[in-house]
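To start, the structure under review is shown below, and the notes come after it.
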Amino acid sequence: MAVAGPTGPALSREEVDRALARLGAEHEAVESSLLALQDHAGRRLLEGAELAGVTKDRWEVTEALVTQLWVYFDAYTDALEAARELRARRRWPTQGELSELTDLLRGTGITLPAGPPAATAVLLGASAKLSERLSLHELVDRMNSWYARALDVVVAADAVWSALPARIDLLAAELQRSRALAHSVGVRPGDHPAGDDLERIADELAALRSEVISDPLAFWTGAPAGTAPGGGRPDTGRYDRAALALEDVRREIEAVLDVRQDAEQRLMRVRDVLSRADRTLGEARQARVEVLSKIAASEVPAVSGPPTVLYEQLAVASEHRRAARWHRLSPLLESLEQRAEEELLRARESLTAVTAPLAVRAELRGRLDAYRAKAARLGLAEDHFIIERYDVARRMLWSAPCDLVAAEGAVLRFQRAVAEAAAPPARSAVPGAAEGRGES
C-alpha cells in the first residue's frame, strides 16, 4: 500500500510513468509554441517598431511577459528533468523514491520569481508576490494562459500591419493618379471643391498610415471573450471612409472629363435650343399683333423678350471652354442645358396662349364650312333661311376685328337651322303648329 505524503498517497510506478509521459508531451508543445512565438513576424515587427498609444503600453507588458514565460519554461524543464533522472535510477523504484516523485509531480515544489512589476501587476493583480511556489500542473496552466495573452497581442498587431498599410498605399497611389488627372482638367485646391477634397483625403491617408504603423492595436476589433488567441479583425472604418470619399471625387472628375470631351457639341445644342426658343417667342410676338388686330375684345397675354441672361451665360461658358477651365464649365453647362429647355418650353406655352383666340376662330370657321357642306348634301343649299344664317355667321368670322362671342352664337344658330331643316316635320293636332322656322 502506498504511503501517504503531503501531496496524498504516493503514485505507483505506472502512474509515475504516465504522468512523466503527459508532462513530456506538454513540455514539447509549450516549447514549440514559445519558439513559434519567438519567430513570429509580428513579434519581430513589434520589437523593431517605434510604438505609441495602446500598442506601446500592451507591448511593454507583453515583452516582459514573454521573458517571464522563458523563465517559467526553464523552471518547468529543470523540474521535469529532475523527475526523469530520479525515475531512471532503477527500473523498480523504492517506496521512498515513489514518494519523492509524487512530490515532484504533484507538489508545489517549484519556486519562481514574480517577474517584472509591470507584467506581474497586470497579469496577477492583487496576488502579485516577490516569489511563489507552484506545481507542474499550475505552472503549465499559467504558461498556457500567458502565452495566449502574448500571442493575442502579436497576432493582432501582425494582422493590422498585414491588412491596412498595403491597402492604404494602394489607395494613396490611386489618389495620386486622380490628383494628376484632376490637375489636367483644372481641378485644383482653392479653385474647385474636388481639389480641396483630394488634399483632405491625402492628409487623412498620411495620418492614418502613420497611426497604423505606430499603434496597430488601436485599429483592432477584438473577438468576444473565450475565442482563440488573435480572434478579431482589423478596424477599417477610417480607411473605408477615405476610399468612399475618393470614389466620390473620382466620379466628379470623370464628369469634368466628360465635359471636356463633348463640350462643343453640348454648347451647340444649348445654342440651338435657345435659338428655337427665340424664334418661338418671335412667332408669339407676331401672333399677338395679329390677334390684337383681328380679334375684338380678347385678352392676349404679353410676350417676354429674348433670354438675354442665358445668352450671356452661354458666352461665359464658351470662354471657359476656350480657356480649358473645365471644372468651371461643367456646372455652368449643366445649368444652361436645363434652363435652355425650360426657356423653350416657356416660349411654346407663350405661343399657345397668344394664338388661342385664332385657334378658336379657325375652329368656328371649320365648323361653319362643315355644316354648309351638310346643308348642301341635304338639298338645302337654296333655302333662303339657311343662306341667311350662313351669311351672318360668315361675315362675323371673316371680318376684322372678329367678335368671337357673337360669331360663336351665329355659328350655333346656323347649326340649329340646318338641324331643324333636316329633321322630319313633327305631327301635331293643332293646325299650323309646325309653321315658322324660329327667330334669328
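The values are calculated or read from the model by the stated rules, or taken from the named source; none is laboratory data. Quick caveat, the model's predicted, so the values are computed rather than measured. Backbone-built Cβ (ideal geometry, glycine too); neighbour counts: all protein chains shown. For accessibility, only protein heavy atoms count, side chains too; no ligands or nucleic acids. Shrake-Rupley method; radii C 1.70, N 1.55, O 1.52, S 1.80 Å.
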query: Only one of these conditions is not met by LEU124: (1) modelled with pLDDT of 70 or more; (2) of a type outside the set (D, E, K, R); (3) open to solvent by less than 40 Å² (accessible area, probe 1.4 Å). Which number is it?
result: (1)
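Residues checked against (1) under 30 Å from SER275 (Cα atoms); (2) of a type in the set (A, V, I, L, M, F, W, C):
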site	(1), (2)
SER330	yes, no
LEU333	yes, yes
LEU345	yes, yes
LEU358	yes, yes
ASP383	no, no
ALA400	no, yes
LEU412	no, yes
GLN415	no, no
ALA421	no, yes
query: Within segment 370-390, can you find the residues that are charged (D, E, K, R) and either outside any helix (DSSP H, G or I) or in contact with a helix residue (DSSP H, G or I) (Cβ under 9 Å, 6 or more places away or on another chain) (or both)?
result: ARG372, LYS374, GLU382, ASP383, GLU388, ARG389
- request: Look through GLU337, GLU319, GLU312, GLU342 and report the one residue that is open to solvent by 20 Å² or more (accessible area, probe 1.4 Å), in a helix (DSSP H, G or I) and in contact (Cβ under 8 Å) with a residue 40 or more places away in the chain.
  value: GLU337
statement: Of (1) at pLDDT below 85; (2) surrounded by fewer than 18 Cβ atoms within 10 Å (Cβ to Cβ), VAL256 satisfies every one except (2)
message: I'm checking my understanding of the structure. Among residues of segment 91-110 that are surrounded by fewer than 18 Cβ atoms within 10 Å (Cβ to Cβ) and touching a helix residue (DSSP H, G or I) at 6+ places or on another chain (Cβ under 8 Å), which one is modelled with the highest pLDDT?
response: TRP92
task: Write out, first by first residue and then by second, each pair whose Cβ atoms fall under 8 Å of each other, whose residues are 6+ apart or on separate chains, and whose first residue, in segment 375-400, is open to solvent by less than 40 Å² (accessible area, probe 1.4 Å) while the second is aliphatic (A, V, I, L, M) and part of a loop (DSSP other than H, G, I, E, B).
output: ALA375/ALA381; ILE386/LEU380
